[in-house]
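Following: one structure in structure tokens, then a few remarks.
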Amino acid sequence: MLRRASYFIGEHVPDNTTLLKADELGRIEIVERDGKPCIRRDIRAARWWAHAFAHRAAAREARALAKLDGIDGVPALLAWDGRELLRSYIAGRPMQQAQPRDSAYYRDALRLLAQLHRHGIVHNDLAKEPNWLVREDGRPALVDFQIAWTRGKRGRLFRLLAREDLRHLLKHKRTYCEHALSTRQRKMLDTPAPHSRLWRATGKRLYKLIARRVFGYWDNEGKGRVRD
Ligand SMILES: Nc1ncnc2c1ncn2[C@@H]1O[C@H](COP(=O)(O)OP(=O)(O)O)[C@@H](O)[C@H]1O
Ligand SMILES: [Mg+2]
């Protein structure tokens, strides 16, 4: 999906920009600011018909990152001007590459999720491995808050979505570190929330169809698996 990109994924261009991803919603690049690497989400590169959606999603991400300011394992929001969103770079590899098999990773990831939820944020996109990073020291980090819930702890829906965040993490744990799952965690894996069951039965197929037809892919982020 590089129709509109003037250079290729992973290629270094003269102004020290590296393209990480390009799709209908814009581009994600590593750029340098004051000698430090940062991540830029540029929605000016979004297709015209996707622009309003891309803008809303980036604004939502900015809101989430602002609320999570100071949490270790979440990028810092450096700037958002309605066109580009700058966040701090976190050195590491996405989950599908790093394949974390150490139970300490999942312990820290549970703590990180608890912190998010305490701040009234639900991530909502944790089934995707590329949104989980394994840092150089082996600890987890989270990126991509475009579809996060940012409106604080509001009753039942918040709790339901927060539980789904947790369940998606446990699915990754089951893949890479199954022996460390507790009995309680196994039970939780066996009981998805009602909306998730409904989604698996109906919506997911429709979504895949639309994603393939409109975007030309299902999930193109480094071939990371999606578990839901
Ligand atoms: N702050 C960051 N530090 C390091 N890598 C990042 C950071 N933000 C994003 N990435 C990498 O870029 C990829 C795409 O970013 P992401 O925010 O997930 O975009 P999208 O919303 O298009 O999926 C991520 O999967 C991750 O590998
Ligand atoms: Mg992502």
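Please treat every number below as a calculation from the coordinates, not as lab data. Given the structure is predicted, the values throughout are model-derived calculations rather than measurements. Methodologically, a virtual Cβ is constructed for each residue, glycine included, from the backbone with ideal geometry; neighbour enumeration extends over all protein chains shown.
Distance between the modelled labels on S182 and R56, one decimal in nanometres: 3.8 nm (7 Å Cα→Cβ projection). Here r is the Cβ-Cβ distance between D81 and L189 and R0 is 45 Å; the resulting FRET efficiency, rounded to 0.05, is 0.60. Taking only the Cα atoms of segment 12-88, the ratio Rg/Rh comes out at 0.98, with Rh defined as the Kirkwood radius.
Positive end of the dipole of segment 93-212 (Cβ unit charges, origin at the Cα centre): among W132, G120, L110, the Cα lying farthest that way belongs to G120. This model, with +1 at the C-beta of Lys and Arg and -1 at the C-beta of Asp and Glu, gives segment 12-88 a dipole about its Cα centre of some 280 debye. Phi angles across segment 168-183 convert, under the Karplus curve 6.51 cos²θ - 1.76 cosθ + 1.60 with θ = phi - 60°, into 3J(HN,Hα) values of 5, 4, 5, 5, 5, 4, 4, 5, 9, 8, 4, 4, 8, 5, 7, 4 Hz, Gly and Pro given as x.
If each residue of separation counts as 0.36 nm, what is the full-extension length gain between R156 and W49 once their alpha-carbon separation is subtracted? Can you show the working numbers first?
On the way: separation 107, 0.36 × 107 = 38.52 nm, distance 3.39 nm.
Stretched fully, the R156-W49 segment lengthens by 35.1 nm.
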